[in-house]
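Structure record follows, encoded as structure tokens.
Bear in mind these aren't lab numbers, they're just calculated from the coordinates by the rules spelled out. Keep in mind it's a predicted model, so treat the numbers as computed, not measured. Cβ placement follows ideal geometry from the backbone for every residue including glycine, while neighbour counts extend to all protein chains displayed.
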Amino acid sequence: MQGSRGDWQAARNNFVTAADARPGFAMARSSAALASFQLGDLATAERELRSLIRRYPLFADARAGLTALLWQRGASGEAESHWAAASGLDPRYRDTEWLLGIRRWPAGPVKALERFLTLTS
């Protein structure tokens, strides 16, 4: 809820608390990583997303998030590789309205993914 009000630091803290309470709750970890991305802490976001992908290779949310982050960092080849997996696993990640309204990603990662999708389509 804090994220929808723009308080991504509080949202990140809540996601971390939820993930710590249930270590296998990958969506909470992914949400914390996306909040870190929104806050500009790209190193933490990348480390968490990569960790999730190692643990859950078929987790589309983490792969799509890492795609956006890598694209923003200029690592286009690796971004495209992760996107091939993410989009094959769950095509909803192509829909920025779904990302914002249903999945509730932060605006920064959505914009980065949107730039990626615009240039690769």
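Observations on the structure shown:
- Net charge in the neighbourhood of THR96 (other residues with Cβ under 15 Å of its Cβ; Lys, Arg +1, Asp, Glu -1) is +1.
- Cβ-defined net charge surrounding LEU70, 11 Å radius [Lys, Arg +1; Asp, Glu -1]: 0
- Within the shell of other residues whose beta carbon sits under 14 angstrom from the beta carbon of THR44, the net charge comes to +2, with Lys and Arg scored +1 and Asp and Glu -1.
- Across all C-alpha atoms in region 3-120, the radius of gyration and Dmax reach 12.8, 39 Å.
- Axis angle, to the nearest 10 degrees, between helix 76-89 and the longest C-alpha principal axis of the chain: 70 degrees.
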